[in-house]
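Written out below as structure tokens is the structure these notes cover.
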Amino acid sequence: MNKFFVILLLLSTLLSCSDNNLVFNGSNLTEVKLDSNFELTSHKGEKKTTKDFKGKVVAIFFGFASCPDICPTTMVELKNIKSMLGENSNQLEVLFISLDPERDTLELLGEFIPSFDSSFIGLTGTIENIEKITRQFKVYRKKVTQGDSYTIDHSSGIYLLDKDGEIRVRHSYGSEIKLIVEDIEKLI
């Protein structure tokens with residue numbers, strides 16, 4: 001009987017050390033098991049997959065370069081978040097996934113992304129690629145015609161992937177930067 005309690009105590013101790021029991025400030029998506037796998041093209045013309053970022057915490061934001069407000073605001077916040085990480089800033093990879101592959105060409109993303117931080121990576125692909133990844137991450141995306149042009153209505157949030165490439169946390173637009181930084185530090 002004592003062996004049973006010792007084993008039970010040992011197991012509970014081991015499980016409590018697991019990072020699956022981390023308490024996050026944002027929405028914990030650990031148990032949801034969303035598919036984070038993708039193959040997209042970077043703003044530098046390189047094929048990128050989720051596996052390319054293993055070993056780093058990844059912050060993903062879905063947006064579009066001609067967005068008038070939420071997207072540039074979030075990109076500035078991501079720059080500030082990376083700066084607030086100090087010596088751990090190299091442990092964070094920031095990815096911007098375009099929801100407007102028709103207009104967000106590699107050339108345009110090549111100007112847009114580095115204007116926030118030269119280490120950030122802009123990603124795009126075919127409309128099929130983009131629709132697939134938005135379904136995987138449960139991101140709302142809708143093209144809305146406005147006269148001769150259009151805009152993209154979309155949900156906005158920052159997704160945090162752990163060093164194994166698993167989607168762990170989502171922070172809604174307007175979350176306190178300090179709270180996002182705390183969650184990233186937990187994953188580092």
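Quick look at the values:
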quantity: Single condition LYS142 does not satisfy, out of (1) of a type outside the set (A, V, I, L, M); (2) loosely packed, with under 14 Cβ neighbours inside 10 Å; (3) in contact with a Ser or Thr (Cβ under 9 Å, 6 or more places away or on another chain); calculated: (3)
quantity: Cβ-Cβ under 9 Å pairs, at least 6 apart or on other chains, region 96-119 side without any contact (Cβ under 8 Å) to a residue 60 or more places away in the chain and among the basic types (Lys, Arg), far side surrounded by 14 or more Cβ atoms within 10 Å (Cβ to Cβ) and part of a loop (DSSP other than H, G, I, E, B); calculated: ARG103/PHE64; ARG103/ALA65; ARG103/SER66
quantity: Which listed residue, of LEU78, LEU85, is within 23 Å of ARG170 (Cβ to Cβ) and touching a helix residue (DSSP H, G or I) at 6+ places or on another chain (Cβ under 8 Å); calculated: LEU85
quantity: Which numbered condition PHE96 misses (of (1) touching a helix residue (DSSP H, G or I) at 6+ places or on another chain (Cβ under 7 Å); (2) exposed (fewer than 14 other Cβ atoms within 10 Å of the Cβ)); calculated: (2)
quantity: Subset of region 80-106 (residues that are closer than 16 Å to LEU160 by Cβ, of a type in the set (D, E, K, R) and in a helix (DSSP H, G or I)); calculated: LYS82
quantity: Any hit, region 158-165, residues being in a helix (DSSP H, G or I), of a type outside the set (A, V, I, L, M, F, W, C) and loosely packed, with under 13 Cβ neighbours inside 10 Å; calculated: no
quantity: GLU107 vs. criteria at pLDDT 95 or above and closer than 23 Å to GLY26 by Cα; calculated: no
quantity: Residue within region 132-154 that is of a type in the set (A, V, I, L, M), in contact with a His (Cβ under 9 Å, 6 or more places away or on another chain) and either closer than 26 Å to LYS54 by Cβ or assigned to a strand (DSSP E or B) (or both) present; calculated: yes
quantity: Pairs where the first residue, in region 44-59, is in a strand (DSSP E or B) and the second is of a type in the set (D, E, K, R), C-beta under 8 Å, 6+ apart; calculated: LYS47/GLU39; LYS48/GLU39; THR49/GLU39; VAL57/GLU93; VAL57/ASP162; VAL57/LYS163; VAL58/GLU93; ALA59/GLU93
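A quick yes/no check of all residues on (1) aliphatic (A, V, I, L, M); (2) exposed (fewer than 14 other Cβ atoms within 10 Å of the Cβ); (3) at pLDDT 95 or above:
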{"position": "THR124", "(1), (2), (3)": "no, no, yes"}
{"position": "ILE130", "(1), (2), (3)": "yes, no, yes"}
{"position": "THR134", "(1), (2), (3)": "no, no, yes"}
{"position": "PHE137", "(1), (2), (3)": "no, no, yes"}
{"position": "GLN146", "(1), (2), (3)": "no, yes, no"}
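The values are calculated or read from the model by the stated rules, or taken from the named source; none is laboratory data. Predicted model, so just to flag it, every value in this text is computed and none were measured. Every residue, glycine as well, gets a Cβ built from its backbone with ideal geometry; the counts of neighbours run over all protein chains shown.
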